[in-house]
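What follows is a set of notes on a single structure, which appears directly below.
Since every read-out is calculated from the coordinates, none of them should be taken as a lab result. The structure displayed is predicted, hence computed values, not measured ones. In this analysis, Cβ positions are derived from the backbone assuming ideal geometry, glycine residues included, and neighbour counts consider all displayed protein chains.
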Amino acid sequence: MSTDRAYAVPGYELDRLIGKGGFGLVFEARETAPPLRSVAVKILDPSAFADREKSYARFRREAAALSRLEHPNIVRYIGSGVTTDEPPFPFLATDLVVGEQFRSSLDITDAERIRFMIQVLGGLDHAHRMGLFHRDIKPSNLLLRTHDRQAIIVDFGLVIDIEDLDPNKLTTRYAGSTGYVPPEVLAGTEPSRANHDIFSCGVTLYEALVGTRPNIQSYAPLSSQKARLSALDPVIRKSLDAVATRYQSAASFAADLAGVLAHVEAIQGLADTNPRAEAFRLKAVERMAREKAAREARARAQAETQAHWATFNDVVVAGAERAFNDMVSVVNELHGPATFARPPEVTAAQGRPTKLFELRHKHGTLCFGLVAPTTSAESSVPWPDSQRGALFGHTPRRQLPTVGPNIERLAPEWVVYTDLGAYPPIAIQGAISAIKVHLMDFRLFAKPLTEWHGTMGHTPREPRLLATVEDVRSYITDTIGSHFRLDHE
Ligand SMILES: Nc1ncnc2c1ncn2[C@@H]1O[C@H](COP(=O)(O)OP(=O)(O)O)[C@@H](O)[C@H]1O
Ligand SMILES: [Mg+2]
């Protein structure tokens, strides 16, 4: 049968070919008289049949069955006849279904596939009650109508009507499509009734969900591929079972599917969207989970930092007086009289507790910032280790307000900071000692201190307590001695 020739179909104007089955061609067409509906015209190919009479008989059965059926899930009959071609071809006009075949590749959710099959079973139940059995349910004969997501059963070419059943003529054992025909029909032990369509629906739904037809001898559970479909396995199995234990009606199959649909939807968490929307939603859920984890990590880090700061404040407040007195004695010892400002209260630099010391000496005024360490998660500068280190800095007075973690960037030539080891109390002790170190080298501060930054690499990683002036001297020799001559010696 040729697709590119024109067929003369009385009452219809063929537009374009939209489908091709084993027995004919389906065209999109338009009525030539009002109401000028868009229709599908199926032209039967007599040459596909052993004899012409059989093809007409089949065609008449299809048209007759369709014209009797009236159901939202069965394609609506519009008209039928023969073309005015020579030889004439039988044709059948039905509502045009704009949609897609129910293939496993369809871009819909599993819940939608199940809902689709429930609708198909509804249509079949209607047909069965009228004594009509489709016998050719398979993906290409089920359409998902785009505009209202309705399942539409087409192709009643193999329908049998129990009323005009002629046992002599309907002994075809293989009526149906390979893979969708139940074993008892293949074996010829049972006639095709509801059993046939129910089985085909089971196969079709299984295929739609996992992409392959089920193995009837050894059923591979859907749940082995999609865990959330576990509730569906007993239902599909029952539709494929031996006739005695198979669903006895399309309605009971549909009812059980409806029962698991709620379950699948609940797991899917989304009733009515397509997989793209679901993927989008999953991404959103993942992103929300990531953000939540990040928020929690931040909160933990913050709590940890607060705890550090509480300790820092205790230690600093308790030790401030001692540190101050230490400085006074060291500076007096090494450099002669100096005036000191009282240590200001613990303040905050860049949001962190900071202890500032101010030293006025004949060489100038120095400020020292002792800044609470922070956790690395909170830090704006990379700390060697969140648990270790106290920032120690001195900077010109005018830059006091900016003392903080960015101190190096703000005043590179005037800043020293030292990683002194484990945070309190050793770090505090270490910082105090480091203040002594720098006070000893007070005169060096007149020079640009960029070289001091070079000392960072020499900073001992292990906590090192510099309690005495001797400790301080050896610290200088060990770490920064190679960079500076100690003028006071
Ligand atoms: N009413 C219709 N509207 C839109 N497409 C249809 C319609 N009827 C059939 N088709 C499409 O044409 C294909 C062949 O039609 P079908 O009736 O199944 O013919 P066959 O008996 O040759 O298999 C179907 O698989 C379907 O994709
Ligand atoms: Mg077909």
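Data overview
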quantity: Relative packing of 14-20, 134-140, 94-100, which averages over residues the other C-beta atoms within 10 Å, highest first; calculated: 134-140, 94-100, 14-20
quantity: Distant-in-sequence amide H partners of Ser80 (H built 1.01 Å from N, under 5 Å); calculated: Ala93
quantity: Radius 14 Å from Cβ of Pro87, net charge of other residues (Lys, Arg +1; Asp, Glu -1); calculated: -3
quantity: Per-residue Cβ neighbour rank within 10 angstrom, fewest leading, Asp148, Asp233, Asp155; calculated: Asp148, Asp233, Asp155
quantity: Full-extension gain in nm, Gln217 to Glu286, via 0.36 nm per residue minus C-alpha separation; calculated: 20.8 nm
quantity: Full-stretch length increase - Lys20, Ala244 - with 0.36 nm per residue and alpha-carbon distance subtracted; calculated: 77.0 nm
quantity: Under-5 Å amide H pairs with Tyr12, H placed in peptide plane, nonlocal only; calculated: Thr32
quantity: Among the listed pairs Lys226/Lys283; Lys138/Lys226; Lys20/Lys226, those beyond 28 Å (Cα-Cα); calculated: Lys20/Lys226
